[in-house]
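I have placed the structure first, in the form of structure tokens, so that the comments after it can refer back to it.
The values are calculated or read from the model by the stated rules, or taken from the named source; none is laboratory data. The structure presented is a predicted model; accordingly, all values stated were derived computationally and were not measured. Counting neighbours? That spans all protein chains shown, and the Cβs are built from the backbone with ideal geometry, glycine included. Areas reflect the complete protein model, heavy atoms only, side chains present, ligands, DNA and RNA absent. Shrake-Rupley method; radii C 1.70, N 1.55, O 1.52, S 1.80 Å.
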Amino acid sequence: MKHWALFLLLAIGCNVWQIEAEFFTSIGQMTDLIYVEKDLVKSLKEYIKAEESKLTEIKSWAEKMDQLTHTSTSDPEGYLGHPVNAYKLMKRLNTDWLKLESLVLQQTSDAFIANLSIQRENFPTDEDESGAAKALLRLQDTYRLDSESISKGKLPGAQHVVSLTVEDCFELGKIAYNDGDYYHTVLWMQQTLRQLGEGESSVVTQAEALDYLSYSVYQMGDMQRAIELTKRLIAVDPTHLRAKSNLHYFKKLLHEEGQSDQRMDEEFYQSQSKKEVDMRPDNYISERDSYEALCRGEGIKMTTRRQSRLFCRYHNNNNHPRLIIAPIKEEDEWDSPHIVRYHEMLSDAEMEKIKEIAKPMLARATVRNSVTGILETANYRISKSAWLADDEYPVVNRVNKRIGDITGLEMETAELLQVANYGVGGQYEPHFDFSRKEEPDAFRELGTGNRLATVLNYGTSVFWYNLFKSGEGDYRTRHAACPVLVGSKWVSNKWIHERGQEFKRPCGLTEVD
């Protein structure tokens, strides 16, 4: 048995030697190994170069972020009060940091990746980034801001000026495009081209911007301009197949309309690239022009005669015990419907405490569905809110009592104090606080009747009745919250209901008493 084993071992050894000898005895084959080794060294150097380049890029990013976070954390609310800063924060955390993660993942970096993975749970989503972008577009419309001013951060009252890059402008245009909003697509693709024309370096090309721009102009019905922009696109990128197909299609449509196609010179192209489009999307509510004008301070102006009927006074609500010594400053804000403003309603300490309590509880604000009566989110109300009970927080209890003292109304049937925070572009489009006749079930589950009155606190407080004494809704009380251009707006409101007010505000004899 040992002899067989020895024979087998010798046979294996002989075969191994034969295999190795094929390489050692062939210089030609060995030279191949030299080139393999050279290629490995070349690959190793490329790897080292790539790693050095990567580290340089990461270091540059870290230094930039260090400087940025130093600025942002020195005044968080002031920093985020600039809508461009808020949008870019969303974009950085949703997009840019993930790109950095992909870059770092190419090399072992366990501590950073583990931390980034944990923190990612708190990152904004694609929806958040899109929402911040749409907020910028909303501000652009409401306050009639041109794209260039927004891109350069030139907003009234802004403390932390920051600019949009070509990529930022391009992304805004793409978000609008994906939403079917060709009006804003045109504005921001034009801004993209403008900044590229000014020499700003970018991975975004003229061809990419022109592709979106030409098609969006077509969608808005300007066929002649769509053709000229498509020609410009082909001039920039002659291999663009879709552009050639679109050009043929646009020309065909133009011919069917009986119009001629004439090539225009480069001067025309340059003028077109700077042209802003004045068309608005079709989904604008009928009263939006009035609403936006009010936000710009261009609303209804009260006549001198009406103003003469407005007064300021010390209000103690018929010698209410808690107001005799410290009456509240009351000012007539509007005559019809009658709206009053109360000054120094809340102290700075009370406001800060209420914000502190509400902040961790903030959730997307809801509105009551007029058909089902169920609370749900809506695109026309963009804010976050929290509901605070007076039996849980002493400061809320004090504020509610003060509201009752000043208005003379029963607070037991009122809704909880709602605290709302409006961030970038936050708004609440025109609405009524009361439920109308076609909304009979709006407050049925509360069992406290309709919303009789509203108290709105934001430093000073304003108060108005939503209903006439007859219980009929006062349609003059339609109101809105303008989108926040700069800053962070905090408000709280108290909705006071009908039940319990029968003897405090008796019914009138007519519908409009």
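From Leu485, Leu417, grab the single residue that is under 34 Å from the mean Cα position of the chain (by Cα) and at pLDDT 95 or above.
Within the list Leu485, Leu417, the selection yields Leu417.
Only one residue in Leu164, Leu172, Leu145, Leu196 is over 23 Å from the mean Cα position of the chain (by Cα) and of a type in the set (A, V, I, L, M, F, W, C), so which one is that?
Leu196
Within the stretch 180-203, does at least one residue satisfy the condition of being touching a residue at least 12 places away in the same chain (Cβ under 8 Å), within 28 Å of Lys251 (Cβ to Cβ), surrounded by fewer than 17 Cβ atoms within 10 Å (Cβ to Cβ) and not charged (D, E, K, R)?
Yes, the stretch 180-203 contains a residue that is touching a residue at least 12 places away in the same chain (Cβ under 8 Å), within 28 Å of Lys251 (Cβ to Cβ), surrounded by fewer than 17 Cβ atoms within 10 Å (Cβ to Cβ) and not charged (D, E, K, R).
Go through the residues of the stretch 388-398 one by one and say whether even a single one is touching a strand residue (DSSP E or B) at 6+ places or on another chain (Cβ under 6 Å), under 23 Å from Glu356 (Cα atoms) and surrounded by fewer than 20 Cβ atoms within 10 Å (Cβ to Cβ).
Scanning the stretch 388-398, I find no residue that is touching a strand residue (DSSP E or B) at 6+ places or on another chain (Cβ under 6 Å), under 23 Å from Glu356 (Cα atoms) and surrounded by fewer than 20 Cβ atoms within 10 Å (Cβ to Cβ), so the answer is no.
For the stretch 260-270, enumerate the residues that are surrounded by 11 or more Cβ atoms within 10 Å (Cβ to Cβ) and modelled with pLDDT of 50 or more.
Asp261, the sole residue that qualifies.
Would you be able to tell me the number of residues in the stretch 325-363 that are loosely packed, with under 12 Cβ neighbours inside 10 Å, modelled with pLDDT under 95 and closer than 21 Å to Tyr458 by Cα?
4
Every residue in the stretch 215-224 that is open to solvent by less than 10 Å² (accessible area, probe 1.4 Å) and either modelled with pLDDT under 95 or farther than 26 Å from Arg144 by Cβ (or both), please.
Within the stretch 215-224, none qualify.
Okay, residues lined up against (1) open to solvent by less than 30 Å² (accessible area, probe 1.4 Å); (2) closer than 20 Å to Leu164 by Cβ; (3) outside any helix (DSSP H, G or I):
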residue: Gln67; (1), (2), (3): no, yes, no
residue: Glu77; (1), (2), (3): no, no, no
residue: Asn85; (1), (2), (3): yes, yes, no
residue: Leu89; (1), (2), (3): no, yes, no
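Output the residues belonging to the stretch 91-125 that are assigned to a loop (DSSP other than H, G, I, E, B), at pLDDT 75 or above and open to solvent by 60 Å² or more (accessible area, probe 1.4 Å).
The answer is Thr125, and nothing else.
Table: residues versus (1) open to solvent by 90 Å² or more (accessible area, probe 1.4 Å); (2) over 24 Å from Tyr182 (Cα atoms); (3) at pLDDT 85 or above.
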site: Ala243; (1), (2), (3): no, no, yes
site: Gly258; (1), (2), (3): no, yes, no
site: Gln272; (1), (2), (3): no, no, no
site: Ser290; (1), (2), (3): no, no, yes
site: Arg296; (1), (2), (3): no, yes, yes
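Can you pull out the residues in the stretch 309-324 that are of a type outside the set (Phe, Trp, Tyr) and surrounded by 10 or more Cβ atoms within 10 Å (Cβ to Cβ)?
Arg309, Leu310, Cys312, Arg313, His315, Asn316, Asn317, His320, Arg322, Leu323, Ile324
Can you find a residue in the stretch 151-164 that is closer than 24 Å to Leu247 by Cα and out of contact with any strand residue (DSSP E or B) (no Cβ under 6 Å at 6 or more places or on another chain)?
No, the stretch 151-164 has no match at all.
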